[in-house]
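Here's the structure we're looking at; comments come further down.
The values are calculated or read from the model by the stated rules, or taken from the named source; none is laboratory data. Quantities reported herein were computed from a predicted structural model and do not represent experimental measurements. In this analysis, Cβ positions are derived from the backbone assuming ideal geometry, glycine residues included, and neighbour counts consider all displayed protein chains. These area figures cover heavy atoms from the full protein model, side chains too; ligands, DNA and RNA do not enter into them. Shrake-Rupley method; radii C 1.70, N 1.55, O 1.52, S 1.80 Å.
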Amino acid sequence: MSDETRPVAGGARTAAVIPAAGRGVRLGPGAPKALRALGGTPMLIHAVRAMAASRSVSLVVVVAPPDGAPEVKSLLADHALPERTDFVVVPGGESRQESVKLGLDALPPGIDIVLVHDAARPLVPVDTVDAVIEAVRDGAPAVVPALPLADTVKEVVPTSDGSPEPVVATPPRARLRAVQTPQGFERETLVRAHGTVTDEVTDCAGMVEKLGLQVVLVPGHEEAFKVTRPLDLVLAEAVLARRRANDGY
């Protein structure tokens, strides 16, 4: 790992930004969510390896907790990572949006496709990563992996006191998708979105939508789920154990 990027054979021009500055309170007290162990290895390392598994990704930028960059640099140095990929760690901000912007600011010239990936999605398959990159290369300004919903969804009027919530509508499930990461972007589009959109959004694709640009979806994968709650961690351990048994992962 280095703080300077090397020339990359083949002219690869894709970088991944992994915002990992969150505390992950829903997993309970302890280390930040991205540093929780999965199969004995921090989730962040799994997420970094998942991005670096794509031969198109020449650089991974990890956005650490504001005061945790040295710890994260040491963590990456302690684990085996692909030598063909460069790794850079930068301090993050107070919000996910700010952290992604700081990751973008750390990108060198020559990168024209940017992936933004949740550190809490440690098991995304490389085929999903490659499908997102390919769709951006084919001309889409923003690409999101997504899955159809298995459950019926209700729109409600939220209550803050725990009382029953009135249902407002039942959106047609066939037109809804649950989005995942990595989300892929033309670099210039994502930079412009972060420079002009000030509203709070839950993902970078939502910022691009506010620019009036088309966001497209590619098929996601059931193993690219987000580890947010303790039960998710149990499922992730089971998926990882199966991979190791089948593939030596």
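Key figures for this structure:
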| quantity | calculated |
| --- | --- |
| Which labelled figure in (i) 28, 23, 19; (ii) 24, 22, 18; (iii) 33, 31, 15 is semi-axes √(5λ) of the Cα gyration tensor in Å, once derived from the coordinates | (i) |
| Chain lengthening between Glu98 and Glu83 when straightened (0.36 nm per residue, less Cα-Cα) | 2.5 nm |
| Per-residue ³J(HN,Hα) for the stretch 79-89, Karplus 6.51 cos²θ - 1.76 cosθ + 1.60, θ = phi - 60°, Hz, x for Gly and Pro | 10, 5, 10, x, 5, 6, 10, 8, 10, 10, 10 |
| Per residue solvent-accessible surface (Å²) - the chain, probe of 1.4 Å | 50 Å² |
| For the chain, with +1 on Lys and Arg beta carbons and -1 on Asp and Glu, the positive-most of Ser54, Val90, Gly103 along the dipole | Ser54 |
| Unit charges on C-beta of K, R, D, E only; dipole of the stretch 45-153, Debye | 120 debye |
| In sequence order, calculated HN-Hα J values of the stretch 104-118 (Karplus, 6.51, -1.76, 1.60; Hz; x Gly/Pro) | 4, 4, 8, 6, x, x, x, 8, 10, 10, 10, 9, 10, 10, 6 |
| Karplus-derived 3J(HN,Hα), 6.51/-1.76/1.60, for each residue of the stretch 226-241, Hz, glycine and proline x | 8, 8, 10, 10, x, 5, 4, 5, 4, 5, 4, 4, 5, 5, 5, 4 |
| Net dipole in debye of the chain [+1 Lys, Arg Cβ; -1 Asp, Glu Cβ; about Cα centre; nearest 20] | 420 debye |
| Label point distance in nm, Glu155-Asp112, each placed 7 Å from Cα along Cα→Cβ | 4.0 nm |
